[in-house]
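Let me begin by presenting the structure, written as structure tokens, before commenting on it.
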Amino acid sequence: MFESLARQVPKTVPGGIVALAVTGRVNSAPVDGHTVVFGRNRPDVDICVGESDLRVSRRHGALTCREGAWWVSNLGRLPIRLPKSRWLFPDEDAVPLTDGYTPLFIRGTRDREHLLELYVAGPDGGQPAVPHGAVTEPPRRWRLTDDERLLLVVLGQRYLMHEANPQPLARQHVAEVMAELRPDEAWSHKKVEHMVAAVRSRLSREGVAGLVREEVGEPVGNALNDNLMRELVLSTTLVPPDLALIDALS
């Protein structure tokens, strides 16, 4: 399981920013004019993203503090994708970041997705304050086997990429991807459906709604798997850094 700002945010100064990639983490205070540069050239950037992928620019983007707010700009050749399928292209005006969690994606060689997670701290310097000193309840994360986690990351990769109106991949497509990732194992759309159905059934017994046919009505379509993926993402059982499972095996 990978570290993720979607699960836990380190304490930082109010208005500060935390940037996290597979190569490490950077914390920066909101100093006007300060810039955090990211890209693949580790010696020349503050945080390295896509180090081994030559389609990622050496200095691909920057996070700049202006009058207490943080802005992201594109310094590279490829666009940067923000949540809701918003694209930031080279030479476009910088985009402001809101308080809280924002994942950035850069598509590289062979459709690899390189992730940079950002978290802009609110006035309290971290997560939104809980009133009266109450202890924050963490989300209930569901236990998955390694096989289930990989399969569900493939099935729900559009959700983890924060695409607008995502849908699960088709079972046959998932089977084909799994066969590429694990060529020594037999994969079919039926095997995919049986494994996913087992997870839905297990979570339904634990009280998660919308995972059985009787609860959604006809036509079912993708509703069951869509509800499953939304539960896994909202509970942070699956988070964007889990996409690295696909890249690590490809």
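The values are calculated or read from the model by the stated rules, or taken from the named source; none is laboratory data. All values derive from a computational prediction rather than experimental measurement. Methodologically, a virtual Cβ is constructed for each residue, glycine included, from the backbone with ideal geometry; neighbour enumeration extends over all protein chains shown. We work out accessible area using only protein heavy atoms, side chains counted, and drop any ligands, DNA or RNA first. Shrake-Rupley method; radii C 1.70, N 1.55, O 1.52, S 1.80 Å.
Restricting to region 142-164, give me the number of residues that are β-branched (Val, Ile, Thr) and assigned to a loop (DSSP other than H, G, I, E, B). It would help to see each step written out before you state the result.
Our first condition is that a residue be β-branched (Val, Ile, Thr); within region 142-164, this holds for 145, 153-154.
Subset that is assigned to a loop (DSSP other than H, G, I, E, B): 145.
Total satisfying the criteria: 1.
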message: For the condition in contact with a helix residue (DSSP H, G or I) (Cβ under 6 Å, 6 or more places away or on another chain), at pLDDT below 95 and not hydrophobic (A, V, I, L, M, F, W, C), what is the one hit in GLY221, GLY210?
response: GLY210
message: Report every pair of residues separated by at least 6 positions or lying on different chains whose Cβ atoms are under 7 Å apart, first residue within region 110-135 and over 16 Å from CYS48 (Cβ atoms) and β-branched (Val, Ile, Thr), second at pLDDT 55 or above and surrounded by 18 or more Cβ atoms within 10 Å (Cβ to Cβ).
response: VAL120/ILE17; VAL120/TRP70; VAL120/LEU97
query: Just to be sure, is ARG25 out of contact with any strand residue (DSSP E or B) (no Cβ under 9 Å at 6 or more places or on another chain) and either open to solvent by less than 20 Å² (accessible area, probe 1.4 Å) or closer than 28 Å to THR237 by Cβ (or both)?
result: no
- prompt: Which one of these does GLU185 not meet: (1) within 19 Å of the chain's Cα centre (by Cα); (2) at pLDDT 90 or above; (3) among the acidic types (Asp, Glu)?
  reply: (1)
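So, in region 165-182, how many residues would count as being in a helix (DSSP H, G or I) and not aliphatic (A, V, I, L, M)? Give the steps one after another, and end with the answer.
Here is the first cut: in region 165-182, the ones in a helix (DSSP H, G or I) are 171-181.
Checking which are not aliphatic (A, V, I, L, M) leaves us with 171-173, 176, 180.
Number of matching residues: 5.
This table checks each residue for (1) crowded, with 16+ Cβ neighbours inside 10 Å; (2) in a helix (DSSP H, G or I); (3) over 13 Å from the mean Cα position of the chain (by Cα); (4) of a type outside the set (Val, Ile, Thr).
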position: VAL208; (1), (2), (3), (4): yes, no, yes, no
position: LEU211; (1), (2), (3), (4): yes, no, yes, yes
position: GLU215; (1), (2), (3), (4): no, yes, yes, yes
position: PRO219; (1), (2), (3), (4): no, no, yes, yes
position: LEU224; (1), (2), (3), (4): yes, yes, yes, yes
position: ASN227; (1), (2), (3), (4): yes, yes, yes, yes
position: LEU232; (1), (2), (3), (4): yes, yes, no, yes
position: THR237; (1), (2), (3), (4): yes, no, no, no
position: ALA244; (1), (2), (3), (4): yes, yes, no, yes
- request: Collect the residues in region 134-192 that are open to solvent by 60 Å² or more (accessible area, probe 1.4 Å), hydroxyl-bearing (Ser, Thr, Tyr) and either within 17 Å of LEU238 (Cα to Cα) or touching a Ser or Thr at 6+ places or on another chain (Cβ under 8 Å) (or both), keeping them in residue-number order.
  value: THR145
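Considering only residues that are of a type in the set (Lys, Arg) and under 24 Å from VAL120 (Cα atoms), look in region 39-57 and name the one that is most open to solvent (accessible area, probe 1.4 Å). Spell out the reasoning first.
Restricting attention to region 39-57, the residues satisfying the condition of being of a type in the set (Lys, Arg) are 40, 42, 55.
From the residues that got through so far, the ones that are under 24 Å from VAL120 (Cα atoms) too are 40, 42.
Values: ARG40: 56, ARG42: 115 Å².
Filtering region 39-57 for residues that are of a type in the set (Lys, Arg) and under 24 Å from VAL120 (Cα atoms), the one most open to solvent (accessible area, probe 1.4 Å) comes out as ARG42.
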message: Given the criteria among the charged types (D, E, K, R), open to solvent by less than 10 Å² (accessible area, probe 1.4 Å) and at pLDDT 90 or above, does ASP93 qualify?
response: no
task: Output the number of residues of region 188-202 satisfying the condition of being among the hydrophobic types (A, V, I, L, M, F, W, C) and within 22 Å of the chain's Cα centre (by Cα).
output: 2
Positions within region 126-151 being at pLDDT 60 or above and of a type outside the set (A, V, I, L, M, F, W, C), in sequence order: GLU137, PRO138, PRO139, ARG140, ARG141, ARG143, THR145, ASP146, ASP147, GLU148, ARG149
